[in-house]
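Everything on this sheet refers to the single structure shown next.
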Amino acid sequence: MSMPPPVPPASAPPQPVQNHLAWAIVSTVVAFCLCCFVGAIPGVVAIVYSAQVNKKLNLGDVQGAMQASANAKTWCWVTTGLAIFGLLLNVWGFMTGGTEQYMQMIEEMQRAQQ
């Protein structure tokens, strides 16, 4: 009697693919508040890629999900960098009296309208 061929060991389940959605949303909101619209553009791109990760995993496209995750992470870093840059600009503006100059400009415009 011949023995049946050995059953190959089950492959390890694939590592979960992070979608970075929370990071994308938080960095987008913070960048929008600190950098205006410029900070929100890469944040929206990060959110779109983040949303694609779970969809691709549900379709069985692990490679596509990993690529979308990598793209989302890259765009999250870009958005975070813009948020940090915006924060530094805001701090610099406050330190150099930018707020006072802005308020003076607003007051002058209001006087001109009267």
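The values are calculated or read from the model by the stated rules, or taken from the named source; none is laboratory data. Please read these numbers as outputs of a predicted model, since none were measured by experiment. Ideal geometry is used to build each Cβ from the backbone, glycine not excepted, and the neighbour counts take in all protein chains shown.
Once the stretch 22-47 is narrowed to residues that are modelled with pLDDT of 90 or more and of a type in the set (F, W, Y), the residue that is nearest to N71 (Cα to Cα) is W23. Residues that are among the hydrophobic types (A, V, I, L, M, F, W, C) and in contact (Cβ under 8 Å) with a residue 24 or more places away in the chain were ranked within the stretch 49-60; the one that is nearest to N19 (Cα to Cα) is V53.
Somewhere in the stretch 90-111, is a residue more than 17 Å from A22 (Cα to Cα) and buried (at least 16 other Cβ atoms within 10 Å of the Cβ)? There is no residue in the stretch 90-111 that is more than 17 Å from A22 (Cα to Cα) and buried (at least 16 other Cβ atoms within 10 Å of the Cβ).
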